[in-house]
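The values are calculated or read from the model by the stated rules, or taken from the named source; none is laboratory data. A quick note: this is a predicted structure, and the numbers were derived from the prediction, not measured. Glycine gets a Cβ as well: all are built from the backbone with ideal geometry, and neighbour counts include every protein chain shown.
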Amino acid sequence: MMNIKYKINALVLLASIILLSSSNTYSQWGSGDQENKFYQIEKVKIPESIILEVGGIAFNENGVPAVCTRRGEIWLIENPTSETPTFKRFAHGLHEPLGLAYKDGAYYCTQRGELTKLTDNNGDGVADSYKTIYSWPLAANYHEYSYGPVFLPDGDMLLTLNLGWIGRGASLSKWRGWMIKVSPEGEMTPIATGMRSPAGHTLNAQGDVFYTENQGDWVGSGRMTHVESGDFVGNPEGLKWSGEEGSPLSLKFEDIVDTLGYSLYEYAKVVPEIKPPSVWFPHGLMGISTSGILIMDDDRFGPFKDQMLIGDQGHSTIMRVFQEKVKGTYQGICFPFREGFSSGVLRLAWGPDKSVYVGMTSRGWSSTGQDMYGLERLVWNKKTPFEIKAVRAMPDGFELEFTQPVDSKKGGDPASYEINDFTYKYHHFYGSPVTDLQSRQVFDVELSSDNRKARLYISGLRTGYINEIKAAGVTNNKGETLLHNFGYYTLNNIPDGEARTMDHSAHVASEGTLTKSAKRVSEMPASWVNGPDQVVTLTVQAGLKFDLSEVEVKAGSKIRFVLDNPDDMLHNALIVKPGTIDAVAQAAMELGLKGQELGYVPDSDDVLYHTGLLQPDSKDVIYFVAPEIPGDYPYVCTFPGHAITMRGVMKVK
């Protein structure tokens, strides 16, 4: 899925909301207890002797789940909901399978280097035939993960092939970074490229293909994209093979330039082969490492028919997606759905009891769920939560549909809503900050006759932007607030039609600039004629750590403080008052979309000194006088998610 550093960066936004209650429990969206009133998480008990690092889940015609593991095994689980489920090993010796499907009495799994058909010919519950359907070369790079298969209606199978990792994503062997189609007879057809870490793919209710992508080089944030033959979805590494026989693309690697400052949506106007995402998952605010996709193809999980559930490995969460087609192009919105899984969510599958089986793994791919692996069930109790069910684009705003009627006064008040839009840069660097952030004014609201829909009139909609839609002021007729009051709508097209406008220009709050802080003195004071008394150098290490867990300084001494960031993600260091580290980290997380602009430094008296927010392979130097009062003064990285592990103590003697 992701290299270990990326996955840990996935920890990013996650750990900061987690930040850090006294009970040390994690809450990404602050709604776990409320979610549990509607959707309960139940563990499938796994024998201690089995390391069930789930790579794929598939059910046979008898409703028995099979689970493939990253350790190369496939397990059949009888009576998984009982206190003592029975595990039987069906197959072993596979090479890290990260996908599993079942069709016509056989299991199909995608190993690192091949698509394999496994059958039990003598009926003893153990595979005795391992047949290679199609194989591809490997460069022996640890990051060459492979995913699938997903069956198409005609029996062909879709697979996706992860890029390798050499300090950046790299297509080190043929077709890496591609989606390919393989027939049951082993005939391979390249479909599309531009993929970096395509951990999930499936067909929606209309039969169209979508895949999920993780933040990384050329990928500003996690996203989901509608894939058709000949599409280029962003990362140019796979274009190395566009000249090969069967390629539906003629676009070349050297055709992609990242010095223009465009977003991916804007660059698609320059390079027509580019397919912009249908839905972005803002990094940390929603997911950090998007994974499996599951279609809610009926009402078994409430009033969300044909919507999607999207797993997130790093956050140990599941998100919900509603999409629509506008002018022939998919676009839509992602919402929080359920947090609190015990490990990193990788695979989702419907069980015969209408629960969702959630397969998890965290080895090498850090997650908020603290277990290294697990299998859990998500069960709906038939109670309908008060949610934003869907959001649809309008010529002059959005229409919000709710699962329950809203209070007329609250639901019809423009002040109950808040809209901000932003985008991401398309470049070869890892991820992107939120860019061109602006607020949009809701100047009128019209409720439908049944109070289940709110038409928001908004000034200045911008195509190609992600709209943060908040409805914090809305209640239902009982005075209850929304279970989740926000979502992120990707606006690729604005529908045609007559648009209302304001009588005066809408207020637009432009993105600010970071001012120099009095707590970040980057030049040595002239009064330090003999220089600093002590130099403290703190170096970032892989795995979200500082190299020093504590440093010792003398009270009142002059300190030159160096933060060295050789890592491939953003970091800072804040020195704070004793006992305030968790509160400061939480305050940094609550900066939200403005956080990166402010260096994730909250305006707090508890912050004594801080570095800037450092890009990869950079350093910052600050100067300060150590506190006069001896004690333990914590230092911490407050980039979202990092504060859980990136902390230490400056001991003032």
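Within segment 401-423, being under 30 Å from Tyr262 (Cα atoms), touching a residue at least 60 places away in the same chain (Cβ under 8 Å) and of a type outside the set (Val, Ile, Thr) holds for Asn420, Asp421, Phe422.
Counting the residues of segment 198-222 that are over 28 Å from Thr435 (Cβ atoms) and without any contact (Cβ under 8 Å) to a residue 60 or more places away in the chain gives 3.
Val257 meets the conditions (1) surrounded by fewer than 19 Cβ atoms within 10 Å (Cβ to Cβ); (2) farther than 20 Å from Ser221 by Cα in every case but one. The failed one is (2). The set of residues in segment 520-541 being in a loop (DSSP other than H, G, I, E, B), under 39 Å from the mean Cα position of the chain (by Cα) and surrounded by 13 or more Cβ atoms within 10 Å (Cβ to Cβ) consists of Arg520, Val521. Working only within segment 98-133, note down all residues that are closer than 11 Å to Ile74 by Cβ, part of a strand (DSSP E or B) and without any contact (Cβ under 8 Å) to a residue 40 or more places away in the chain. Thr116, Tyr130, listed by residue number.
Within segment 399-413, the set of residues being over 18 Å from Tyr457 (Cα atoms) and of a type outside the set (D, E, K, R) comprises Thr403, Gln404, Pro405.
Residue-wise test of (1) surrounded by fewer than 18 Cβ atoms within 10 Å (Cβ to Cβ); (2) in a loop (DSSP other than H, G, I, E, B).
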position	(1), (2)
Ile575	no, no
Gly579	yes, yes
Asp582	no, no
Ala587	no, no
Glu597	yes, yes
Val601	no, yes
Asp605	yes, yes
Tyr609	no, no
Gly612	no, yes
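Here Phe639 passes the criteria (1) assigned to a loop (DSSP other than H, G, I, E, B); (2) surrounded by fewer than 22 Cβ atoms within 10 Å (Cβ to Cβ) except the one numbered (2).
A single entry from Val553, Val576, Val621 fulfils the requirement of being within 31 Å of the chain's Cα centre (by Cα) and among the β-branched types (Val, Ile, Thr): Val576. Residues that are in a loop (DSSP other than H, G, I, E, B) and of a type in the set (Ser, Thr, Tyr) within segment 240-278 comprise Ser242, Ser247, Ser250, Thr259, Tyr262, Ser263, Ser278, listed in sequence order. Against the conditions (1) more than 30 Å from Asp620 (Cα to Cα); (2) at pLDDT below 95, Leu544 satisfies every one except (1). Taken as a whole, the structure leaves Ser618 outside the set of residues that are closer than 25 Å to Lys554 by Cα, surrounded by fewer than 19 Cβ atoms within 10 Å (Cβ to Cβ), among the polar types (S, T, N, Q) and free of Cβ contacts under 8 Å to residues at least 60 places away in the same chain.
None of Ala140, Ala127, Ala205, Ala170 is closer than 26 Å to Tyr262 by Cβ and in the same structural domain as Lys275 (by TED's automatic domain parsing) except Ala170. Scanning segment 579-595 for residues that are under 27 Å from Pro630 (Cβ atoms) and aliphatic (A, V, I, L, M) yields a count of 6. Residues being β-branched (Val, Ile, Thr), assigned to a strand (DSSP E or B), assigned by TED's automatic domain parsing to the domain that holds Thr202 and more than 19 Å from the chain's Cα centre (by Cα) are represented in segment 356-373 by at least one member. Of the residues Gly328, Gly222, Gly238, Gly230, only one is outside the structural domain of Asp567 (by TED's automatic domain parsing), touching a His at 6+ places or on another chain (Cβ under 9 Å) and not basic (Lys, Arg); which? Checking each option against the conditions leaves just Gly222. Looking across segment 240-280 at every residue that is hydroxyl-bearing (Ser, Thr, Tyr) and in contact with a helix residue (DSSP H, G or I) (Cβ under 9 Å, 6 or more places away or on another chain), the one that is farthest from Asp436 (Cα to Cα) is identified as Ser247.
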